[in-house]
Amino acid sequence: MGFLGRLFGDSNTREEKTMTKLNIGIILGSTRQGRVSPQVGEWVKGIADKRGDANYEIVDIADFNLPFLGTTDGSEPGIAEWNSKLANLDGFVFITQEYNHSITGALKNALDFAREAWNDKAAGIVSYGSTGGARAAEHLRGIMGELKIADVRTHPTLSLFTDFVNGSEFKPAELHLTNVNAMLDEVVSWSGALKTIR
Ligand SMILES: Cc1cc2nc3c(=O)[nH]c(=O)nc-3n(C[C@H](O)[C@H](O)[C@H](O)COP(=O)(O)O)c2cc1C
């Protein structure tokens, strides 16, 4: 317990909450066979890990085997595991691909499967598609507002034409590095700030 905690007998002071490293989840938004999101997620994690400013981990929606919301009694272990994983994260980076001008059904379903675990946290978006996944990313921002996730401004957009070979092998242009780091700066700073009000 730090000085303020000792003074006020409170282990949850602002000082305490900002001392430990933040946990940031890099969420893979697609689940289809042959998806490219793991390549993009690993690239972001590689950049993030070099910073040493937070604990970064890949969170793959596919690992949780979430049913389609409302079609079961909700007792599948993956649902509780998904909520518990999110509850332990302080912020997110959504690896967002564009499907019919929006996010994937899998990501929307996963977003709908939690509520409090998303609240008062920050998130950045890394998107891809024929126009950088921009339309999907803007839809995601609207959803995040409802879930009380603070979405940061800087948004790296990757082109299926110039950052991928044949739309499948990820070869990102060097210029994205600056944007990814700027986005992570914002996610870490806002995640730290929001931790103090939870
Ligand atoms: C159902 C479906 C719809 C798509 N719609 C769009 C689209 O509207 N705009 C776009 O830029 N790309 C679209 N794409 C292309 C995807 O962005 C591209 O296949 C990307 O690799 C998908 O991400 P993933 O490999 O991680 O699943 C679509 C792909 C699928 C499977």
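The values are calculated or read from the model by the stated rules, or taken from the named source; none is laboratory data. Computed from a prediction, not measured in an experiment: that's the story for all the values here. Ideal geometry is used to build each Cβ from the backbone, glycine not excepted, and the neighbour counts take in all protein chains shown.
Considering 95, 79, the condition of being in contact (Cβ under 8 Å) with a residue 12 or more places away in the chain, within 16 Å of the ligand (Cβ to nearest atom) and of a type in the set (Val, Ile, Thr) is satisfied by 95 alone. Restrict the check to region 134-155 and report whether at least one residue is under 19 Å from residue 21 (Cβ atoms) and in contact with a strand residue (DSSP E or B) (Cβ under 6 Å, 6 or more places away or on another chain). Yes, region 134-155 contains a residue that is under 19 Å from residue 21 (Cβ atoms) and in contact with a strand residue (DSSP E or B) (Cβ under 6 Å, 6 or more places away or on another chain). Any idea which residue in region 169-198 is farthest from residue 92 (Cα to Cα), counting only those that are in contact with a Pro (Cβ under 7 Å, 6 or more places away or on another chain) and crowded, with 20+ Cβ neighbours inside 10 Å? In this case the residue turns out to be 180. Of all the residues that make up region 132-165, how many are over 23 Å from residue 45 (Cα atoms) and either within 16 Å of the ligand (Cβ to nearest atom) or among the aliphatic types (A, V, I, L, M) (or both)? Residues in region 132-165 being over 23 Å from residue 45 (Cα atoms) and either within 16 Å of the ligand (Cβ to nearest atom) or among the aliphatic types (A, V, I, L, M) (or both): 4 in total.
Scanning region 20-37 for residues that are in a loop (DSSP other than H, G, I, E, B), more than 7 Å from the ligand (Cβ to nearest atom) and β-branched (Val, Ile, Thr) gives 20, 31.
Give 45, 85 a once-over and let me know the one that is surrounded by 15 or more Cβ atoms within 10 Å (Cβ to Cβ), within 23 Å of residue 167 (Cα to Cα) and basic (Lys, Arg). Just one listed residue meets the conditions, 45. Selection of region 1-42 for residues being closer than 30 Å to residue 177 by Cα, surrounded by fewer than 15 Cβ atoms within 10 Å (Cβ to Cβ) and either at pLDDT below 95 or among the aromatic types (Phe, Trp, Tyr) (or both) yields 18, 19, 20. Quick check: is even one residue across region 117-128 in a helix (DSSP H, G or I) and either closer than 19 Å to residue 150 by Cβ or modelled with pLDDT of 95 or more (or both)? Checked against the condition, which is being in a helix (DSSP H, G or I) and either closer than 19 Å to residue 150 by Cβ or modelled with pLDDT of 95 or more (or both), region 117-128 yields no hits at all.
Beta carbons closer than 9 Å, at least 6 apart along the sequence or on distinct chains, pair a first residue in region 43-59 that is more than 14 Å from residue 188 (Cβ to Cβ) and β-branched (Val, Ile, Thr) with a second that is surrounded by fewer than 16 Cβ atoms within 10 Å (Cβ to Cβ) and modelled with pLDDT of 95 or more for 58/38; 58/42.
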